[in-house]
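Derivation of every value follows stated rules applied to the coordinates shown; laboratory data play no part. Every value quoted in this text rests on a predicted model; they were computed, and no experiment measured them. Don't worry about glycine lacking a Cβ; one is built from the backbone with ideal geometry, like all the others, and counts go over all protein chains shown.
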Amino acid sequence: MRSKTRALRRWTWIHKWSSLVCTVFLLLLCATGLPLIFHHEIEDATRDFKLPEMPTDAPRASLDRVVEAARARRPDMFVQFVFIDADEPDLVNVSFGPTPTAQDGNKVVVLDARSAEVLEEPDPETGVMYVLFKLHVDLFAGLPGKLFLGVMGLLFVIAVVSGVIVYAPYLGKLEFATVRTRNTRIRWLDLHNVIGIVTVAWVLVVGATGVINTWADVAIKFWQYDQLAAMTAPYRGRPALTQAEQGSVMQAVHTASTTMPDLTFAFVAYPGTLFSSPHHYAVFMRGTAPLTARLLKPALIDAKTGALTDSRNLPWYITGLLVSQPLHFGDYGGLPLKIVWALLDLITIIVLVSGVYLWLAKKAPVRGDEPSDSTRIQESRGILGAHSDKR
């Protein structure tokens, strides 16, 4: 019995401090994540253009023609990526950088895939949604910010798991989901515990996928030094291609599509960018079914000759990253699932705020009937035992 009591106290201590350390940052992530769930809908509602109406079978313009139309708007910059909007395949986004390898100062040109007409030139590094995204992803601190938030997410997962462990002893003789009304603090403690245990599965999924997403930069770097380096080994030591030496991007996409006929084009990374080499177009293809649309497979195409160099499945750690991203934002089941994700996000905010309240109020005078000693002991074993009297 004593060993069980000591173990319970240990788990309660773990739950207390893991919760307290990460709560402020989790509140920030929940608050910024709420509008990001609907970022596609918000961007569509606030954009300055309307896609021209054309027959559904209207032919697509050559990708080379689309890129040249975009280049005419940014002649002093370098094309880095060309990608098709998965939700609106009639839109092509061409991303530019001040240099082929630059990751800051990027610009985007949005074009009609059917006519190559320029529709919009949004600045991806301005606006409210950009600020919310940067706060949510890295606190405007780059890789150190991502890794820090990853640690906070890991503490959150620990807090949830430890909370589940201490919840059963907390119940005692109470029925599941009981909310006592003896006083405000006990009522909020019970509500906090009930809501927390009911949403535990969703919270663990979102928390764990959030942690995985913070490792994205590290995972991509490892892929570069591992698979990408092996795929481009024959080109090692050769001088990088100039922009004038780069051949048809349309031919590169055609080669990749012929190599992987069961997949569809997602995006192409130009030579010298994060996902390619100085000598290749990296054409990324994706699945056509709802469950495979987020999974990518690259084909490296010699940017000068248009010939296929290599094509391999992405390693497990990149696949895990690709799967975790839509799970984190509920971005794989349409608007109804996003609404569910938003409601659960709001509920999580209530759990976090109530946990802070319980901790702050643990030594405050309690109005109404004083709880018995047994009740106090039960409280100390709650799903947020950190926020109860320490016995």
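Computed quantities for the displayed model
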item: Local net charge near SER277, Cβ-Cβ under 15 Å (Lys/Arg +1, Asp/Glu -1); result: +1
item: Expected 222 nm ellipticity per residue - DSSP helices of 4 or more, -39500 (n - 2.57), all of the chain, to 500; result: -16000 deg cm²/dmol
item: Sequence-separation-based contact order of the chain, relative, with Cα cut under 8 Å and 6+ spacing, percent; result: 22 percent
item: Lysine pairs with alpha-carbon atoms under 20 Å apart, the chain, spacing 8 or more or separate chains; result: 12
item: Packing-based ranking, highest mean first, of 275-288, 233-246, 252-265 given that Cβ atoms within 10 Å are counted; result: 275-288, 252-265, 233-246
item: The stretch 215-329 shape via C-alpha gyration tensor axes, a/c threshold 1.5; result: oblate
item: The stretch 175-219 versus the stretch 44-105: alpha-carbon centroid distance in Å; result: 41 Å
item: Rel. contact order, % - alpha carbon contacts under 8 angstrom, at least six apart, the stretch 233-361; result: 17 percent
item: Label of the coordinate-derived value, mean projected area of the Cα convex hull in nm², listed as (i) 19.8; (ii) 18.4; (iii) 23.3; result: (iii)
item: For LEU119, residues with placed amide H under 5 Å, excluding near neighbours; result: VAL110, LEU111, ASP112
item: The stretch 89-209, relative contact order in percent, only Cα pairs under 8 angstrom and at least six apart counted; result: 14 percent
